[in-house]
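Some notes on the structure that comes next.
The values are calculated or read from the model by the stated rules, or taken from the named source; none is laboratory data. The shown structure was predicted, so the numbers you read here are calculated from the model rather than taken from an experiment. Reconstructed Cβ throughout: ideal geometry from the backbone, glycine too, with neighbour counts over all protein chains shown. All accessible areas refer to the heavy atoms of the entire protein, side chains included, with ligands and DNA or RNA removed. Shrake-Rupley method; radii C 1.70, N 1.55, O 1.52, S 1.80 Å.
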Amino acid sequence: THRRPAVAPRCPLENTPAIKDSVQSNEGKFTEARPKGGYEALYTYIAEELVYPVSARTDSIEGTVMIEFKINKEGSAQDAKVIQSVREDIDQEALELIGNMSPWYPAMINDIPITTRQIIPITFKID
């Protein structure tokens, strides 16, 4: 299989207060889930581990797969699903990347871990 760097997706939430630190909500102090090492480390992982499906490369298929998943109280990804598809082989590669990524720091309310939903774009582009 041929490893193909992904285009590092931009996190739509990276400039929100919840990502930078904590915010106060009606339920208490809330801290968003985040990848260990930060989003830059997550995107480096995606770029290094993404395997561009041979058939998709042959067919010149490009696009962005949106993956929704939960980060549980222990920081593990679970229940990943495609919410924006490109093609089945590309979608499966994106799901595999999410399934194999390192644990995250879980979201917290008042320093108590909680499960939260995340959405990550993974872009497949042929140079």
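Would you tally the residues in region 1-33 being closer than 30 Å to Arg87 by Cβ and either modelled with pLDDT of 50 or more or open to solvent by less than 80 Å² (accessible area, probe 1.4 Å) (or both)?
Just the residues of region 1-33 that are closer than 30 Å to Arg87 by Cβ, to begin with: 1-14, 33.
Imposing the further condition that a residue be either modelled with pLDDT of 50 or more or open to solvent by less than 80 Å² (accessible area, probe 1.4 Å) (or both) reduces the set to 4-9, 11, 13-14, 33.
Within region 1-33, residues that are closer than 30 Å to Arg87 by Cβ and either modelled with pLDDT of 50 or more or open to solvent by less than 80 Å² (accessible area, probe 1.4 Å) (or both) number 10.
A count restricted to region 45-81 and to residues that are touching a residue at least 24 places away in the same chain (Cβ under 8 Å), of a type in the set (S, T, N, Q) and over 19 Å from Thr116 (Cα atoms) stands at 3. Picking from residues in region 40-54 that are touching a helix residue (DSSP H, G or I) at 6+ places or on another chain (Cβ under 9 Å) and over 12 Å from Met101 (Cβ atoms), the one that is most open to solvent (accessible area, probe 1.4 Å) is Val54. The condition (being outside any strand (DSSP E or B) and under 18 Å from Ile46 (Cα atoms)) is satisfied by just one residue among Ile126, Ile122: Ile126.
Rundown of residues vs (1) open to solvent by less than 80 Å² (accessible area, probe 1.4 Å); (2) within 30 Å of Lys29 (Cα to Cα); (3) without any contact (Cβ under 8 Å) to a residue 40 or more places away in the chain; (4) among the aromatic types (Phe, Trp, Tyr), yes/no style:
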position: Glu88; (1), (2), (3), (4): no, no, yes, no
position: Leu95; (1), (2), (3), (4): yes, no, yes, no
position: Ile98; (1), (2), (3), (4): yes, yes, yes, no
position: Met101; (1), (2), (3), (4): yes, yes, no, no
position: Met108; (1), (2), (3), (4): yes, yes, no, no
position: Ile112; (1), (2), (3), (4): no, yes, yes, no
position: Thr116; (1), (2), (3), (4): yes, yes, no, no
position: Ile119; (1), (2), (3), (4): yes, yes, no, no
position: Phe124; (1), (2), (3), (4): yes, no, no, yes
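Which one is nearest to Ser85 (Cα to Cα) among residues in region 63-74 that are touching a Ser or Thr at 6+ places or on another chain (Cβ under 8 Å) and open to solvent by 50 Å² or more (accessible area, probe 1.4 Å)? Of everything passing the filter in region 63-74, Lys70 is nearest to Ser85 (Cα to Cα).
Looking only at region 74-115, which residues are β-branched (Val, Ile, Thr) and in a strand (DSSP E or B)? Answer for region 74-115, where residues must be β-branched (Val, Ile, Thr) and in a strand (DSSP E or B): Val82, Ile83, Ile109, Ile112, Ile114.
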